[in-house]
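Asks: Let me give you the structure first, and then I'll get to my questions.
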Amino acid sequence: MPLTDLPPEVLDHILGYVDPEDLFRIPRICKRLYHAIQDNAPLFMSIYLRHLDTPPKAFIEWKEGLRDLVRLKVLCKRDSDDDKKDELSFVYKAVTRLLRNASTEGAQGLTAKLPESRNADLLAQIFSSESNQSAFLCRSYIYERARAELFFRENPDGGEFTHLRGPSTRDNHLSAHLHCLYGVPRLYAYPYPRRQTRQTMIHPFACSKVYDLRQHTDKSKWGPFRNDGSMDVDWEKVEAIMIVLGANMENMGISALDMCKNFCSTPFAGTWPNSWISPHNHLPPGEPDPLEHLDPYGITGVWLRVVCFLDYTDFFAYNFHAANLPDPLIPRPAINYGQATRLILMRIFVTSVEKPGESDGQELPVVHFKGISRSLDQAFDENADSDIRGSVRLTPEGEVRWTTYSIFGGVERWRSESIQVGGVRSAKGVLGHWFDTDFDPRGPVGPTAFWKVSDKHSPNNSAGREEHDILAGMDLLAGADEAIEDEEGDEDISSDEEDTGNPSEILIPEA
């Protein structure tokens, strides 16, 4: 019996096993198959769910989603970078849609588990191609600068060079955002191994953006926001932060640790909303605090933090030495100074929930928190630890903004402004800048990130046991876990510790 003579329900069942790439070719065969497929929403839904995740929301444009999937696969198979560069806007739209509709169920991974997502696996496979990385992930301003693709001309008086191209373009920002969602920093200007040399390292160019005080203004709140007062995220700033932290963590050998893999070693690791899954969800939960029911961001728990900083002498010379004072439109020179990196374990909990302010996104409340932070590499130095407080809210464009204050001796010393990559409750974590709480125009500033590694609750509320397991898995200094466990159950943030009062401590911030 010819296929076209089958009953409609049987034909639909057979067509449901067709690959998406073939589905849109079949209607060209004959009118019978054209009408069997055209506007057949149940069929498109069946094929979509056979190949991709079930979206968190019930309604989706199934046909459009499949069509975008096919187009994404086809153009990403092109051999030449130049043949697909013009498709950046579409690729950005397709990737963000797949992540927005990624699974939030199931679990994989040893710690800080991720949902089992076919969408994320598909994107990781597509962007494993060096050609696709070059065409779509390495197109921001700092990559173009590292490849010497920006144009300069000499001033009439000679010596200085004037930047000709102007500020970053929309394509620069889209590429930077895609790179942040990809989550694994590309540390060379070219992703092809044969072109990865000392001269093509991207880290010095990212440092020149992160440590340039001109990037930190009142309009940007000194955070990873645009310098126009809009509070829109500047994804090129976030990308530079990710590169600097990723390179420093790789140099220290900690990027391969289980607690750090999701942050800097696994592509598309939880860069979508609600991708955080507790590694302890198989255990009977303790009694949650009533405020936790009102917290949409999942704040309460244990977070691992990384902070990097320059020696202040290098930082000051870089920003204020006469030789490093170019025109405002010209970036500062690339730098490859040595940096210090500190790992910090934070335990925080919700203290209050309030309505959003006029300048905040209105979809979710503002949630305040406090807690303690414990340096893992200086666990026995009292001055290396601090109390911490902060808040989480939405920006006007709907991104998740974190503000933290590190408190020494009851005095707020360091502040950070950050963005949660992937949205609310994403497993990827938070990236931003730390700086002086009084916005000192002389600095210092630097990059920071933190991501959740554990929830608060476990059997008998023995959350201290969780930190013990975390630190044991990371093979860090013995004794740090006992130090934090000593703080367990103490929700009153102490303010009677000695303030450092030591200028050298400025070089060791806990933002």
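The values are calculated or read from the model by the stated rules, or taken from the named source; none is laboratory data. Only a predicted model underlies this, so the values are computations on that prediction, with no experimental measurement involved. Cβ coordinates were reconstructed from backbone atoms using ideal geometry, including for glycine residues, and neighbour counts include every protein chain displayed. The protein model used for the area step is the full one, side chains on, heavy atoms only, and it has no ligands, DNA or RNA in it. Shrake-Rupley method; radii C 1.70, N 1.55, O 1.52, S 1.80 Å.
Asks: Run the Debye formula on the Cα coordinates of region 214-257, all scatterers equal and no solvent, and tell me log10 I(q)/I(0) at q = 0.14, 0.20, 0.30 1/Å.
Replies: Those come out to -0.41, -0.63, -0.94, one per q.
Asks: Oh, and also: Please calculate how many Å² of accessible area region 53-94 carries per residue, with a 1.4 Å probe and no DNA, RNA or ligand atoms counted. Don't skip to the end; give the middle numbers.
Replies: Numbers: 2430 Å² over 42 residues.
Averaged over the residues of region 53-94, the accessible area is 58 Å².
Asks: Just from the alpha-carbon atoms, what are the Rg and Dmax of region 224-364 in angstroms?
Replies: Here Rg and the maximum Cα pair distance are 19.6, 62 Å.
Asks: Taking 23 Å as the cut-off for C-alpha to C-alpha distance, list the pairs among Lys31/Lys63; Lys370/Lys428; Lys261/Lys452; Lys261/Lys370; Lys73/Lys237; Lys57/Lys370 that go past it.
Replies: On the way: Lys31/Lys63 19 Å; Lys370/Lys428 21 Å; Lys261/Lys452 12 Å; Lys261/Lys370 27 Å; Lys73/Lys237 29 Å; Lys57/Lys370 33 Å.
Lys261/Lys370; Lys73/Lys237; Lys57/Lys370, as the Cα separations exceed 23 Å there.
Asks: Still on this structure: Report the equivalent ellipsoid semi-axes for region 401-440 in whole Å, largest first, defined as the square roots of five times the eigenvalues of the gyration tensor built from alpha carbon atoms.
Replies: Working: eigenvalues 112, 22, 7 Å².
Its equivalent ellipsoid spans semi-axes of 24, 10, 6 Å.
Asks: Moving on. Could you put His173, His216, His51, His321 in order of accessible surface area, largest first, with the 1.4 Å probe and the full protein assembly present? Show your work: numbers first, answer last.
Replies: On the way: His173 30, His216 10, His51 60, His321 105 Å².
Reading off the accessible areas and sorting them downward yields His321, His51, His173, His216.
Asks: Rounded to the nearest 10 Å², what accessible area does Tyr211 show when all protein chains are kept and the probe is 1.4 Å?
Replies: Accessible surface of Tyr211 is approximately 0 Å².
Asks: When N is the residue count of region 1-90, what does its C-alpha Rg come to as a fraction of 2.2 N^0.38 Å? Show your work: numbers first, answer last.
Replies: Values: Rg = 15.2 Å, N = 90, 2.2 N^0.38 = 12.2 Å.
The value comes to 1.25.
Asks: State the answer as a single residue: which of Ile26, Val91, Asn40 lies farthest towards the positive end of the charge dipole of region 1-102, with beta carbon charges of +1 for Lys and Arg and -1 for Asp and Glu, about the Cα centre.
Replies: Val91
Asks: Calculate, for region 238-380, the solvent-accessible area per residue in square angstrom, rolling a 1.4 angstrom probe over the heavy atoms of the protein chains.
Replies: Values: 5910 Å² over 143 residues.
Per-residue accessible area for region 238-380 comes out at 41 Å².
Asks: Quick one: with all protein chains in place, what share of the accessible area of region 295-390 is carbon or sulfur, to the nearest percent (1.4 Å probe)? Present the calculation step by step, with values, prior to reporting the outcome.
Replies: Numbers: 2150 of 3950 Å².
Here it works out to 54 percent.
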